[in-house]
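Q: Sharing a structure, written as structure tokens. Questions coming.
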């Protein structure tokens, strides 16, 4: 791609002059780094007619531009531009957008037949944007932007947050794997005992089209024992984009939105929330009104603007409002173009369970129960759930679970009560037969309420669960009692230690009878925030009630100092520990503070102190210091802890020192710790590897969705947003944790560019599907940069606007520049030795050649500057 470059530098002020002459204005860049697209000539610079420059028009060709529709950048890429003439005969450049691009940008092409009328002057089919009433097109050459103004009626409604379906990228075929290996050596009793432990975790996977195959396998070796392999899961999955759903085959878990999550081995089809815009996943009212003119609509909640858009004259209906958790009425203002305003209020409060009107969310699973205990039977199970948004601010939901010895069903409803708050209620019926017991029927009721008070920003959430009979069981409660050999097995609920111990000793007599929880959050602005929580549980049988209370205050950050204090109290009864059956109360208070010692963003050193004390008079204090070094690639921390209990009446000191290095090819970590009883050392390595069609790339641990970055010829270039992420010796690296189905911008750090590499654009947008390895290729040019003054044999400079190109260079590089007023041309990607062809018209009379040898030239700030005769 041919382009010149504009720098904010005295050394290259003449380049600025070239850009000004060519229509670019460096004053508009406001000291930002900009790449200037000179042109990509289809004919490689042959037979160039520069008379257009005299009329203030750029040459036709292929330009790298941002496509901006109604003020928003929606795409970027290489767009062909051809010459057209306006009504008075003046030439201008018009973009050639294809049918595929028009469809991708959300323009209703089918409504405008003249949009793609045939043209005798063009060899390709191009869109005529002027065929859409009131639509305009403008090419801002200096900003590399194609500006399109399209009336709202001509656009397909677009919901914010999710990119158009046509832009989703399934990525490339690849084998990928995360790895993590660790070694720990511990010495006990002053060296009399020791152990060496090894562990290895592998997460291999294969991507092929929209399919993703994943596995998790571990190997562990403790001391002298034999190492053991274990496979945790294997599954294949893919997105079904047409129905915004997700298909899973293998070993996974069901969601927990209606029933408790179940481990299974089988097949599951469900709505994929990641494909649904945020503003459609949760409830929000539809704002409707009438605009008298082309107007701007502004929607506020609690004083903050949450949505703004422009609509054409006539009725409007805004269904794409973002869902919020704060609650509060919506204040809608219609700013008419003639200065008038319409203001009205739409009541709003988020129900505990709610979906947008007309939105359907479902889950269907069939397979085999996959317990954590190998002895438990693998029963055939199934589940189906459904949630649907109704009119009148209602949401209905329900579902069913079934197995050979268990059936359950649930129905529920959520509703917004306006200023009073939001409420949801549901009921579950179950029928199950545990091993060696009679069949049991049970029923539960669940009530949830939420309210946000606008005046104080106070949030209140209340949830109540009533188990109306002791016979209620979950699917896992029943199936877990059936196991190999039919030995006596635990019964009851294993969700927490309270129910575990209660079930162990008392069988079915200590099932939960009711549970009520209350949470209150109160932001205090510049004074921080408070959180309060309380829970009360009762049980069937003779087990006493259990009460919990917690409170936390979090300070605001003042001069980098941040602290918090929390209090927790729990009153419980565990038969295993408390044989007397008396209730026991446990209280814990915790204080934590962090103080910055260095504000340097590269080193960022903090000191931390924490104190914790509980009701058994155990007091633990720790003080530590941590920070970063080497451009935040190295993290270190030192911590010393002092613990004292009422049992030992002695101090138990311990300390730790840890290091972590985020390198180009992975992460190394190591540590040393000590206490009164032992010493331990550890070392580990982790990272990710991708095998693709162009080779093997090592990098940091891979997230679910990953970009494979390629900068041809650009090694050791840092990627912004990833600590320690740099390109390898071939110019490849990885950047993980991308957001699927949304725009992700990947940026390179220009400060780290090698001196011989010119990168035309420092950011690339990608829109991956979930689990994809999506390529992010940066167009680069390897070679020297130079400002060359070209003088003809008669002593005069080469004419302004002439096109200079490298002779005998690969056609794909297309290295071209435009000559300025005094014969200067700025070029990148130059070999050490070569020849330049300069052309300013048709025929041999209007071209010349110049040879160069950079080693004989002066170099200032990595830019060569020399004068040569063009013959």
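Q: Restricting to strands (runs of 3 or more DSSP E) lying wholly in segment 384-481: which have 1 or more residues that are without any contact (Cβ under 8 Å) to a residue 40 or more places away in the chain and over 28 Å from residue 518 (Cα atoms)?
A: Correct list: 394-403, 406-416, 422-432, 440-453.
Q: So if I check each of 386, 394, which one is under 30 Å from the mean Cα position of the chain (by Cα) and either surrounded by fewer than 21 Cβ atoms within 10 Å (Cβ to Cβ) or modelled with pLDDT of 90 or more (or both)?
A: Testing whether each residue is under 30 Å from the mean Cα position of the chain (by Cα) and either surrounded by fewer than 21 Cβ atoms within 10 Å (Cβ to Cβ) or modelled with pLDDT of 90 or more (or both) leaves just 386.
Q: Step by step: first the residues of segment 218-244, then only those that are buried (at least 18 other Cβ atoms within 10 Å of the Cβ) and touching a helix residue (DSSP H, G or I) at 6+ places or on another chain (Cβ under 8 Å), then the one that is nearest to residue 164 (Cα to Cα). Which residue is that?
A: The extreme case among them is 244.
Q: At least 1 residues that are at pLDDT below 90 and over 30 Å from residue 386 (Cα atoms) in each: list the strands (runs of 3 or more DSSP E) lying fully within segment 191-253 that qualify.
A: Where strands (runs of 3 or more DSSP E) fall fully within segment 191-253 and carry at least 1 residues being at pLDDT below 90 and over 30 Å from residue 386 (Cα atoms), they are 193-208, 211-222, 228-240.
Q: Take the residues in segment 707-723 that are in contact (Cβ under 8 Å) with a residue 24 or more places away in the chain and surrounded by fewer than 22 Cβ atoms within 10 Å (Cβ to Cβ); name whichever of them is farthest from the chain's Cα centre (by Cα).
A: 713
Q: Taking the condition of being free of Cβ contacts under 8 Å to residues at least 24 places away in the same chain and more than 22 Å from the chain's Cα centre (by Cα), how many residues in segment 724-745 meet it?
A: 1
Q: Within segment 63-108, how many residues are without any contact (Cβ under 8 Å) to a residue 12 or more places away in the chain, surrounded by 13 or more Cβ atoms within 10 Å (Cβ to Cβ) and not in a strand (DSSP E or B)?
A: 0
Q: I'd like the residue in segment 439-496 that is under 21 Å from residue 409 (Cβ atoms) and either out of contact with any strand residue (DSSP E or B) (no Cβ under 9 Å at 6 or more places or on another chain) or modelled with pLDDT under 75 (or both) and, out of all such residues, is surrounded by the most Cβ atoms within 10 Å (Cβ to Cβ).
A: Among those that are under 21 Å from residue 409 (Cβ atoms) and either out of contact with any strand residue (DSSP E or B) (no Cβ under 9 Å at 6 or more places or on another chain) or modelled with pLDDT under 75 (or both), it is 493.
Q: Scan segment 671-702 for residues that are within 26 Å of residue 184 (Cβ to Cβ) and either within 26 Å of the chain's Cα centre (by Cα) or not in a loop (DSSP other than H, G, I, E, B) (or both) and report the count.
A: 22
Q: Right, something else. Taking the stated definitions as given, is residue 609 farther than 30 Å from residue 726 by Cα, within 29 Å of the chain's Cα centre (by Cα) and either modelled with pLDDT of 75 or more or not in a strand (DSSP E or B) (or both)?
A: So residue 609 does not fit the description; no.
Q: Still on this model: Among the residues of segment 497-510, is any at pLDDT 80 or above and more than 30 Å from residue 606 (Cα to Cα)?
A: Looking for residues that are at pLDDT 80 or above and more than 30 Å from residue 606 (Cα to Cα), one finds none in segment 497-510, hence no.
Q: Of everything in segment 746-764 that's under 16 Å from the mean Cα position of the chain (by Cα) and closer than 15 Å to residue 708 by Cβ, which residue is modelled with the highest pLDDT?
A: Once the filter is applied, the top-ranked residue is 746.
Q: Among the residues of segment 153-168, is there at least one that is part of a strand (DSSP E or B) and at pLDDT 85 or above?
A: Among the residues of segment 153-168, not one is part of a strand (DSSP E or B) and at pLDDT 85 or above, which makes the answer no.
Q: The conditions are (1) without any contact (Cβ under 8 Å) to a residue 12 or more places away in the chain; (2) in a strand (DSSP E or B); (3) closer than 20 Å to residue 370 by Cβ, and residue 256 fails exactly one of them. Which is it?
A: It fails just one condition, (2).
Q: Take the residues of segment 765-774 that are crowded, with 20+ Cβ neighbours inside 10 Å and not in a loop (DSSP other than H, G, I, E, B): which is modelled with the lowest pLDDT?
A: Among those residues, the one meeting the criterion is 766.
Q: Can you name the number of the only condition in (1) in a loop (DSSP other than H, G, I, E, B); (2) touching a residue at least 24 places away in the same chain (Cβ under 8 Å); (3) in contact with a strand residue (DSSP E or B) (Cβ under 8 Å, 6 or more places away or on another chain) that residue 660 fails?
A: Only one criterion in (1) in a loop (DSSP other than H, G, I, E, B); (2) touching a residue at least 24 places away in the same chain (Cβ under 8 Å); (3) in contact with a strand residue (DSSP E or B) (Cβ under 8 Å, 6 or more places away or on another chain) is unmet by residue 660, namely (1).
Q: Do we have residue 383 as touching a helix residue (DSSP H, G or I) at 6+ places or on another chain (Cβ under 6 Å) and closer than 20 Å to residue 472 by Cβ here?
A: no
The values are calculated or read from the model by the stated rules, or taken from the named source; none is laboratory data. Computed from a predicted model, the values in this text were never measured in an experiment. Note that each Cβ is placed from the backbone with ideal geometry, even for glycine, and that neighbours are counted across all protein chains shown.
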